[in-house]
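Novice: Structure below; questions to follow.
The values are calculated or read from the model by the stated rules, or taken from the named source; none is laboratory data. Owing to the predicted nature of the structure, the values given are computational and were not obtained by experimental measurement. Note that each Cβ is placed from the backbone with ideal geometry, even for glycine, and that neighbours are counted across all protein chains shown. For the accessible areas, the whole protein counts, side chains as well, though only heavy atoms, and no ligand, DNA or RNA atoms are used. Shrake-Rupley method; radii C 1.70, N 1.55, O 1.52, S 1.80 Å.
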Amino acid sequence: MKVFNTEKALQATISLLLKEGKTIGFVPTMGALHAGHISLIKAAKRHCDVVLCSIFVNPTQFDKAEDLEKYPRTETADQALLQAANCDFLFLPTVEEIYPNGKDNYTPPNIGNIVNLQEGKHREGHFDGVMQVVERLLRITLATHLFMGLKDYQQFLICSKMVAARQLNVKMQGMPIIREKDGLAMSSRNVRLSKKGRETALKLSKRLRKSKKLITKHNYQKVEKKAIKYFHQIEEIDLEYFEIVDKTTLLPPKNKDQKENLIALLAAWIDGVRLIDNIFLVS
Ligand code: AMP
């Protein structure tokens, strides 16, 4: 695996490959890699001629300085995992390489109110930072295909809208959530959970699965209310949101008996760690 630290060196190599007609599959990450990330590398390997991963802990998408500081960094292990997955290229830029003109002069495209819902409501400026870094990375890497996980479902939708608004020539590929055997969605943040917190965290995916069953009998409002009530009873879980929404607009369905195209999305704090998860209901 070839490692690049600068835009210039990476672009020189990618430009040559594009001239040869090769497709470039790109997997942006913040490191602390796990099987969820590696599933994206493998999907990119299946679809594209060349696979490029980036590891960059993007400061502009963190609303809390403490969260940025505590973000796990496991560079040596990350490189070994990528190597084992036959990733071709790794881009490891510095903050200065990504934001040579400073971090604060980005105007995001207007993609509507979706940036203010769910994650956006609770993490001010988060999606502006995500769009900023993904746009910049796409312009640097010249990737033809962008692979993202549906674990961050809202992020995937928002990046798809950003790509369309900026008319970037890249195909979006959303890949399924990879879970631990017991159902917990894999996340770089899971390593920060205590043993007890890890057990409590299992309740998140369990309740999502239960909601998927309940929606066959009840309307979405009832299922949502029941889930919120359930989480509020658990002292170790500090629920930020649990919402059942239309999977294209992320707004509550217009018809309360709608069963099609729904997704349940949640965020919760356990042990001071913020976790997110989601499930497609009746699709
Ligand atoms: P991150 O390093 O957390 O920014 O994630 C990088 C990419 O990996 C994003 O597209 C995430 O959605 C994706 N990802 C993270 N966890 C998982 C998972 N458990 N399953 C599938 N994709 C994931």
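Novice: Quick one: angle between helix 195-214 and the longest Cα principal axis of the chain, in degrees between 0 and 90, rounded to 10, please.
Specialist: 70 degrees
Novice: Roughly to the nearest percent, how much of the accessible area of the chain is carbon and sulfur, given a 1.4 Å probe?
Specialist: 50 percent
Novice: Could you compute the net charge surrounding LEU81? Neighbours are other residues with a C-beta less than 15 Å from the C-beta of LEU81; K and R count +1, D and E count -1. Intermediate values should be presented prior to the final figure.
Specialist: Numbers: positive: LYS42, LYS45, ARG73; negative: GLU75, ASP78, ASP88.
Net charge around LEU81: 0.
Novice: Another question about this same structure. Given the whole protein assembly as supplied and a 1.4 Å probe, what does the accessible area of THR23 come to in Å², nearest 10?
Specialist: 40 Å²
Novice: A further question on this structure: Rounded, prolate or oblate: which fits region 44-88, taking a ≥ b ≥ c as square roots of the Cα gyration tensor eigenvalues, rounded meaning a/c under 1.5, else prolate when a/b beats b/c?
Specialist: oblate
Novice: Quote the accessible area belonging to VAL95 in square angstrom, nearest 10, computed with a 1.4 Å probe and with ligands, DNA and RNA left uncounted.
Specialist: The accessible area of VAL95 comes to roughly 50 Å².
Novice: To check you understand DSSP bridge types, tell me what percent of the beta bridges within region 1-124 (both residues inside) are antiparallel, rounded to 5.
Specialist: 0 percent
Novice: Summing -39500 (n - 2.57) over the DSSP H runs of n ≥ 4 in the chain and dividing by its residue number, what mean residue ellipticity at 222 nm do you reach, to the nearest 500 deg cm²/dmol?
Specialist: Details: 10 runs with 113 residues, N = 283.
So the helix-based figure for the chain works out to -12000 deg cm²/dmol.
Novice: Sticking with this one: Pairing the Cα long axis of helix 35-47 with the longest principal axis of the chain, what angle in degrees results, from 0 to 90 and rounded to the nearest 10?
Specialist: Roughly 60 degrees between the two axes.
Novice: Keeping every protein chain present and rolling a 1.4 Å probe, give me the accessible area per residue for region 118-237 in Å².
Specialist: The answer is 50 Å² per residue.
Novice: Related question: Take the chain, compute every pairwise Cα distance, and split them into 5 Å bins from 0; I just need the percent in each bin.
Specialist: That works out to 1, 5, 12, 15, 18, 17, 13, 9, 5, 2, 1, 0, in percent per bin.
Novice: Provide the percentage of antiparallel DSSP beta bridges, counting only those with both residues in the chain; round to the nearest 5.
Specialist: In the chain, DSSP labels about 45 percent of beta bridges as antiparallel.
Novice: Given axes a ≥ b ≥ c from the Cα gyration tensor, I'd like to know whether region 162-283 is rounded (a/c under 1.5), prolate (a/b larger than b/c) or oblate.
Specialist: Oblate.
Novice: Contour minus end-to-end for THR23 and ARG46, with contour as 0.36 nm per residue of separation and end-to-end as the Cα-Cα distance?
Specialist: So the chain would gain 7.2 nm between THR23 and ARG46.
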